[in-house]
């Protein structure tokens, strides 16, 4: 078979170009530390690397989400701590005001201090995070959640909170609504509330009461009516007599349908007290009710004592509610920390797997480089030698 000179030159040039390209790739692998620059280098390995990088990106996003949620929850935790301190301060003022020796002016001064505590509590409820989002607005993060109109504080936020994904199958609440923290607080002892009529003229003061036998309690609105300082009847909402007592005295407990309610002082004939199933009350309304009580000069000491007793119970309920929410926040922060630890461990493993697939094997690459250099050099020398051959060299 005859090979033309041009064919020989083309084949030799092509071979040298291929050898130079191989050498350049090997040099690039050594310089960059990676052997995968495109899918053409190793399609199967590149496919695996892309899948691993996708997992790594998702894992990093979970960590980022967790950082945001943890930061927001920590701000919420601090806000609730401040709110608890505010309520505790209000409770101390209420105890101070529950003193028959105080004058109306002194109680008014305490009411002024409570008004400042109320404003502090509203301000805490309207706190924002570092991005300007409302901590207690729920999903309505741009809406100021609490608005005061006269003596009433309304919640304008959402009823749901944002759920943030911190793991492949784990989502977490990034906060709590203002309704949960400040508004929907169980009233009274959680089962029933007590109160005295504004028209009472005796010195009788009703306490919060407890449930001694839950099975005997029938939720309803009951009226305790005194026909004399020692006689009273208990009727339900339909007027049916539930209990009658004829030997009541100061310090006795009113008992019926499984509940026990302490009474102090001496009620007058015609005085009435109400025992009703518990609903909910807001921390703001509790403080406002206390302020109203202390600013009312027409109330008797017994009426003031009853109202302050109810307010103290309600403040305790608000503090307990915030403690429960804070415990939930702490649990969520711990869950985020655990999730981030798992995500970071996964990233370490994924990084190692990507490295194993894509990193350059320096020992093998150096050996390959030396071989390719020798091959290229041999090809170049061979071409240089053979290219000098011609039939004209043999013609005389």
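The values are calculated or read from the model by the stated rules, or taken from the named source; none is laboratory data. Small disclaimer: the values here were computed from a predicted structure and weren't measured. Backbone-built Cβ (ideal geometry, glycine too); neighbour counts: all protein chains shown.
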Determine whether the range 121-130 contains at least one residue that is surrounded by 21 or more Cβ atoms within 10 Å (Cβ to Cβ), within 30 Å of residue 298 (Cα to Cα) and over 14 Å from the mean Cα position of the chain (by Cα).
-> yes
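From 108, 143, 115, which residue is closer than 29 Å to residue 326 by Cβ and assigned to a helix (DSSP H, G or I)? Even if it seems obvious, please write down each step before you answer.
Numbers: 108 fails: closer than 29 Å to residue 326 by Cβ; 143 fails: assigned to a helix (DSSP H, G or I).
Being closer than 29 Å to residue 326 by Cβ and assigned to a helix (DSSP H, G or I) holds for just one of 108, 143, 115, which is 115.
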Inspect the range 183-206 for any residue being at pLDDT below 95, surrounded by 18 or more Cβ atoms within 10 Å (Cβ to Cβ) and closer than 30 Å to residue 342 by Cβ and give the result as yes or no.
-> no
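Would you call residue 121 closer than 18 Å to residue 184 by Cβ and in a helix (DSSP H, G or I)? So that I can check it myself, show each step before the final result.
Numbers: closer than 18 Å to residue 184 by Cβ: yes; in a helix (DSSP H, G or I): yes.
Taking the combined requirement at face value, the residue satisfies it.
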Some residue of the range 264-271 being surrounded by fewer than 21 Cβ atoms within 10 Å (Cβ to Cβ) and either in the same structural domain as residue 94 (by TED's automatic domain parsing) or under 39 Å from the mean Cα position of the chain (by Cα) (or both) = no
Sole miss for residue 259 among (1) at pLDDT below 95; (2) over 30 Å from residue 118 (Cα atoms) is condition (1)
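Tally time: how many residues in the range 248-270 are outside any loop (DSSP other than H, G, I, E, B) and touching a residue at least 12 places away in the same chain (Cβ under 8 Å)?
9
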Just checking, which of 140, 158, 104 is under 30 Å from residue 300 (Cα atoms), out of contact with any helix residue (DSSP H, G or I) (no Cβ under 7 Å at 6 or more places or on another chain) and either surrounded by 13 or more Cβ atoms within 10 Å (Cβ to Cβ) or in contact (Cβ under 8 Å) with a residue 12 or more places away in the chain (or both)?
-> 104
Out of the range 275-298, which residues are assigned to a loop (DSSP other than H, G, I, E, B) and in contact (Cβ under 8 Å) with a residue 12 or more places away in the chain?
-> 278, 279, 282, 295, 297
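Residue by residue, here is whether (1) within 16 Å of the chain's Cα centre (by Cα); (2) touching a residue at least 40 places away in the same chain (Cβ under 8 Å) holds:
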position: 52; (1), (2): no, yes
position: 55; (1), (2): no, yes
position: 65; (1), (2): yes, yes
position: 72; (1), (2): yes, yes
position: 77; (1), (2): yes, yes
position: 88; (1), (2): no, yes
position: 92; (1), (2): no, no
position: 95; (1), (2): no, yes
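Consider residue 209 carefully, then state whether it is on the phi > 0 side of the Ramachandran plot and either buried (at least 16 other Cβ atoms within 10 Å of the Cβ) or out of contact with any strand residue (DSSP E or B) (no Cβ under 6 Å at 6 or more places or on another chain) (or both).
Details: on the phi > 0 side of the Ramachandran plot: yes; either buried (at least 16 other Cβ atoms within 10 Å of the Cβ) or out of contact with any strand residue (DSSP E or B) (no Cβ under 6 Å at 6 or more places or on another chain) (or both): yes.
Yes.
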Options 92, 82: the member that is modelled with pLDDT of 90 or more, touching a helix residue (DSSP H, G or I) at 6+ places or on another chain (Cβ under 6 Å) and in a helix (DSSP H, G or I) | 82
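Please indicate, with yes or no, whether at least one residue in the range 136-147 is under 27 Å from residue 294 (Cα atoms) and in the same structural domain as residue 344 (by TED's automatic domain parsing).
Of all residues in the range 136-147, those under 27 Å from residue 294 (Cα atoms) come to 146-147.
Next, from what is left, pick out any that are in the same structural domain as residue 344 (by TED's automatic domain parsing): 146-147.
For the range 136-147, residues under 27 Å from residue 294 (Cα atoms) and in the same structural domain as residue 344 (by TED's automatic domain parsing): present.
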